[in-house]
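Read through the structure below, which is laid out as C-alpha cells, and then see the notes.
The values are calculated or read from the model by the stated rules, or taken from the named source; none is laboratory data. What you see is a predicted model; the values in this text were computed from it and never measured. Note: ideal-geometry Cβ built from the backbone for every residue, glycine included; neighbour counts use all protein chains shown. Side chains included, ligands, DNA and RNA excluded: accessible areas come from the protein's heavy atoms. Shrake-Rupley method; radii C 1.70, N 1.55, O 1.52, S 1.80 Å.
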Amino acid sequence: MRQLSAPMTSLRIAGAVALAMAACAAHAEAPFSFGATPGKLPKDVVPVQYVAHLVPDVAANTFSGNETIEIDVLKTTSKIMLNVENMDIDSASLSGKGIAEQKLTPAIDKEQQTLTFALAQPLAPGKYSLALSFRGQINREPRGLFTMQYKVGETDKKMIGSTMEPTDARRMLPLWDEPVFRAKFKLSVDLPGNYKAYSNTPIAKQEKLPGGGERVSFGVTPKMSSYLVVLVAGELERINDKQDGVDIGIVTTAGKTDTAKFALASSKDLLHYYNNYFGVPYPLAKLDLIAIPGGFNGAMENWGGIVYNEAALLYDAKKSTEATKQTSFSVNSHEMAHQWFGDLVTMAWWDNLWLNEGFASWMAAKATGHFHPEWRAALGGLVQREGVMAMDSRKTTHPIQTPILTEEQAAGAFDGITYGKGEAFLNMLEAYLGEDAFRKGIRAYMAKHQFGNTTSADLWSALEKASGKPVEKIASDWTTQPGFPIVSVSQSCEKGQRKITLSQEQFWLDEKPAVQRLWPVPVQIGVVGGKAEYTLLTTASSTITRPGCDGVLVADPHSVGYFRLKYDTASFDALAAQAQKLPDTTRLKLLTDTWTLVSADRLPLTSYLNLAAKFKDEPRSAVWEAMLGKLGGLQALAIGTPEHALLQRYMRELVGPKFKALGWDEKASDTVEDRELRTTLASTLAVAGDESVVTEARARFARFLADPASLPPSSLDFVMFVVGRYADEANYNALQQLAAKARTTEERNRYGMSLAGALDPKLSARTLQVALRPDLPTQLTSMVVPGVARNEHIAQAWQFAIANKEALLKIQDAIGRNRFFPGIVGSSADVA
C-alpha cells in the first residue's frame, strides 16, 4: 500500500511528519514456518477456498451476503475461529464427510474482532464446508467496502470500492484475516444494471436479474492473503492493451479515459520490465489499474486489481503538472512491483511488512530511473531519505522489523521507517553485494517462494547464497536495531600512504541512546573523480591505508550508505572548496550531513549557511529541494523572532540570482528540472517576503480566472499556493469556486490545499469548517486540517481537531487514524 502525504507546495517547507512509535528490542528471526507465525487465530483449521456472494444496497450503504468456505482441519479441534468486524451473522452451518450437517451458534468478540463456533463434538482432521450468511455496512471511510460520491458534469454519482489492508477484509467477509492464511476466492455480486464491476480475476459469468439488475461472477483467484481481495463497482469505463500475454486495463469513472493513456503505456513497460527482473512472469490473466475519485490517498496493490486514488494515476497532458506525471509513474511502479513482492510472495506476518513496502519502494525507484532518467529519481530519493533519517535519529524510532501484536499496531507499521528505511537499506545492500548478485538472489527467492509466505530470513538466505557474502549478519543488525550510525572520517599522510581512520557510534538528535549499538557498515572510500572501494566497518573504530596521498578524500561518494558522515576539519574544508565540482550525489550528501550535524549541535549554523551559499548556481532541482527544505524549516522556526527577517533576506539572496537566470516564463530550451526549479524558487521567494513575486502570482491568477489556458501546467501549483497563502477574501472566494467546480481529484486537491494555506486566521477558520462537510472526499479531509496547521495555524487546527475528534477520526482509514493527529502538530516548534 502506498499512502501518499498531502500535496505540498514545491517549497516543501514543512518536512515529513514522523509517526512516533516505541522503540523495540532487536529480535532474531527464523525462516518461515506456518506454525511459528504470529497471530491471534489458531492454526488447527485453515481455509482452502471461499465461494462468496454479495448483495450491496448502494442507496442504504449496507450489504448482505453468503459464503461457503472449504476448510481443512489439520488437527482435532472443538472450535472454529475466524475474523469478523462490524457484521451480523444470520446463520451458520458445518457439513462434510462423516458428519451430519449441523447448525452453529456464532459468538462474536468485538474487541478481538473474532467469530468463534463452539462444536458439539470434536472435529477430526479432514476437509469440511462452513456455510455462513451475514450482513454488514458499506462505509464512508475506506475500510472494507466503502462508498464514494462524485460528479460527472453536474450529475451526482455514487460507486463502491474496497480496501482491506491491513485488517479490514473482515468487514466484507467472515474469513481468516491474517496474511499467512492463503486461500482461493471465488466472488460474485448483484449490482444495478448500469454498474460495471472489477475484482482480482476476469469476469467468468454475467446474468440478468429481475428488475434490471445483474449478477457478476468472477473467476477463481490463486491462493492469496485476504487483504488482497478487491471489489470495485460503478458507472465505469476501461481502456486496455496486452503485454506479455496479460490483458492490462485502466479503469476510470466516465469521461476520463483520455487521462489514462500515460498510465496504460507505463504499465505495459513496467510489466515487461518486472517479468524480466524477477524471472517469474506475472501469473494472472489480467491486471486492472482502477482509478477512483476518492476514498484514500495513494493506492492499494490488490492482486490483479490495483486501486488508485485517481490523482495518483491519471495524467492529463494539457492540464496536469510534471509532478503529476512523475507521481503517476512512481506510484504505479510501486504498486505493480507489489504484484510480485507482496502478492506472489507475501510476508508471513505484519512484523515483516517491510518485505512488501521497502522492496516495492526500492523496485519503483529502480524502474523509474530505468525508464525516466531525466527525472533523476535516485537523487530525489536521497532527498526523501532525509526525512526518514531525521525520524530514525530520535528516541521514538523503531527497527525496520517491529513486533506486531494487535490490529492497531499493524496499521501503525505503515510509516517512513518501513517504507523509506527499508528502501534505503536495500539500496545500500545491493551496492555492496553487486547488482548482478543481488538480482540473482531475488530471482532465486521469488522462484522458491512463489504463492507462499516468507520471513526476512528467507530473503537473506537467497542473497547470501547468490553473493557469497555474510548477508544474514549484515542485514539482521540493520533490520532489527533502531537508528543508524554516524561514521567519523579522519586522515593523515604517512610515508606516501593515506592513513584513514573510520569510527562509528549511533547518531541521535534528541537523546543519547542507553544502549551503545554497532552496525556492520559498508563504506566506500576513494578520492573525488576516482574509483571508490568498499571496506566493511564492523567495530567501533578501524584504520585502513590507501596508496598515495593525492586527490581529495571522499567517503560514500554515491550516497548509498544509510549513515551520516563527519569528516575531520581539513578533509571537510577540502571537499567544501570543490563543492560546485563534486558529483551530484557527493554534493547532496555533503550538504545534508552538514545540516544534520548543525541540527545535532555538532557544528555551528554558519557552517551550513556558508556551504549553502556556494550553491547559488546549483543545476539540480533535488539539491535545491534539500537545501530549501532545511532552510525553510529553519525560517518557520524563527517566526516571531528577530532572526526571521534575517533568514528571509538570506533566502532571497540565495535564491534570487538563480530565479532571475531562469526567468518567469517557460522557454523551449527548458529541461524538466528547469520547469520544476522555476516554481520551486518562486515559491521560496514568496515565503521569504518577496513582494514582487506575490504581486506577479496574483496577476497571473487574475488572468487565469479570465482564461485558464493562460497559465501553463507547470505554474499551476506555484500560483495557487501563493494566492492561497496571501489570500484576501475575494481571492479566497475565487479559489473556493474553483474547488467547487473541479471535476478531477488532482484539481480539487490543488484548490483545497491552496485554501488550507491561507495565513489570514479568519480564512483558515473557514477552511477548517469545510473539513466537516459530508460531501468532501475523506482523503481531502485528512489533508486539509494538517495543511492548515502547517501554514502557521497549529493551535487553531489543533483546537478544531480536538473539538471535532470523533467526527474527524470516524472518516479515517485504519492507517490514517494513526497519522491524523500527529500530522497536525508535527510541524510545531513548541515542546508542549
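Here are a few things to note about the model shown:
- Relative contact order, percent, segment 525-677 [alpha-carbon distance under 8 Å, six or more residues apart]: 17 percent
- Here the gap between Cys493 and Thr606, fully extended at 0.36 nm per residue and compared with their Cα-Cα distance, gives a gain of 37.8 nm.
- Counting protein heavy atoms only, the chain has 52 percent of its accessible area on carbon and sulfur, 1.4 angstrom probe.
- Diagonalising the gyration tensor over the Cα atoms of segment 355-514 and scaling each eigenvalue by 5 before taking the square root yields semi-axes of 27, 23, 18 Å, largest first.
- Zero-based 10 Å bins, Cα pair distances in segment 219-373, whole percents: 11, 44, 36, 9, 0
- All C-alpha pair distances within segment 707-832, sorted into 5 Å bins from zero, spread as 2, 11, 22, 24, 19, 13, 6, 3, 1, 0 percent across the bins.
- DSSP beta bridges confined to the chain are antiparallel in about 80 percent of cases.
- Over segment 260-393, accessible surface divided per residue gives 22 Å², non-protein components excluded, 1.4 Å probe.
- The chain - mean residue ellipticity at 222 nm from DSSP helices (-39,500 (n - 2.57) per run, n ≥ 4, rounded to 500): -12000 deg cm²/dmol
- Residue ranges 303-309, 230-236 sort as 303-309, 230-236 when ordered by packing (mean number of other C-beta atoms within 10 Å per residue, highest first).
- The accessible area of Lys616, taken with all protein chains in place and a 1.4 Å probe, comes to roughly 80 Å².
- Summing Cβ point charges (Lys, Arg +1; Asp, Glu -1) relative to the Cα centre of the chain gives a dipole of roughly 480 debye.
- Largest accessible area first, the residues Glu214, Glu505, Glu533 order themselves as Glu533, Glu505, Glu214 under a 1.4 Å probe with ligands, DNA and RNA left out.
- Accessible surface ranking for Tyr650, Tyr150, 1.4 angstrom probe, highest first: Tyr650, Tyr150.
- Remark on Phe185: its backbone amide H falls under 5 Å from those of Tyr50, Thr221, a criterion applied only to residues 5 or more positions apart or on other chains, H modelled at 1.01 Å from N.
- Dipole magnitude for segment 603-673: computed about the Cα centre from +1 point charges on Lys and Arg Cβ and -1 point charges on Asp and Glu Cβ, it is near 220 debye.
- Potential lengthening between Glu511 and Asp244 on full extension [0.36 nm per residue; Cα-Cα distance subtracted]: 90.8 nm
- Accessible area, probe 1.4 Å, largest first, for residues Ser393, Ser467: Ser467, Ser393
- Three-way shape label, segment 247-330, alpha-carbon gyration tensor, a/c 1.5: prolate
- Counted over segment 144-282 with a bin width of 10 Å, the fraction of Cα pairs per bin, in whole percents, is 10, 32, 39, 17, 2.
- Subset of Lys158/Lys810; Lys43/Lys395; Lys184/Lys421; Lys366/Lys512; Lys157/Lys205 violating a 28 Å alpha-carbon distance limit: Lys43/Lys395; Lys184/Lys421; Lys366/Lys512
- A 1.4 Å probe, protein heavy atoms only, puts the accessible area of Tyr227 near 0 Å².
- Between segment 497-551 and segment 331-352, the Cα center-to-center distance that results, in Å: 34 Å
- Summing Cβ point charges (Lys, Arg +1; Asp, Glu -1) relative to the Cα centre of segment 247-360 gives a dipole of roughly 380 debye.
- Taken along the Cα-to-beta-carbon direction at a fixed 7 Å, the label points for Asp707 and Glu643 span 4.7 nm.
- Whether segment 510-615 is rounded, prolate or oblate, judged on the alpha carbon gyration tensor where a/c under 1.5 counts as rounded: oblate
- Dipole-positive endmost among Tyr567, Pro522, Asn61 within the chain (Cβ charges, Cα centre): Pro522
- The chain: angle of helix 794-803 to the longest principal axis, Cα-based, in degrees nearest 10: 20 degrees
- Rounded, prolate or oblate (a/c below 1.5 giving rounded, otherwise prolate when a/b exceeds b/c) for segment 301-441 by Cα gyration tensor: rounded
- The chain: relative contact order as a whole-number percent, Cα under 8 Å and 6+ apart: 12 percent
- Per residue, segment 607-719 exposes 43 Å² of accessible surface when a 1.4 Å probe is rolled over the protein heavy atoms with every protein chain present.
- Segment 452-519 gives an Rg/Rh value of 1.14, both radii derived from C-alpha positions and Rh following Kirkwood.
- Residues of segment 403-506: accessible area per residue with a 1.4 Å probe, Å²: 37 Å²
- log10 of Debye I(q)/I(0), alpha-carbon scatterers only, for segment 326-386 at 0.12, 0.26 Å⁻¹: -0.30, -1.03
- Sites Ala30 and Ala124 - FRET efficiency at Förster radius 41 Å, r taken between beta-carbons, to 0.05: 0.85
- Over the chain: Kirkwood hydrodynamic radius from C-alpha pairwise inverse distances, Å: 28.2 Å
- Subtracting the Cα-Cα distance of Ala265 and Tyr534 from their residue separation scaled by 0.36 nm leaves 92.9 nm.
- For segment 653-777, projected area of the alpha-carbon convex hull averaged over all directions, nm²: 8.2 nm²
- Compared with the rule-of-thumb size 2.2 N^0.38 Å for a compact globular protein, segment 92-211 has a Cα radius of gyration ratio of 1.34.
- Helix 778-790 vs. the chain, principal-axis angle (Cα, 0 to 90°, nearest 10): 30 degrees
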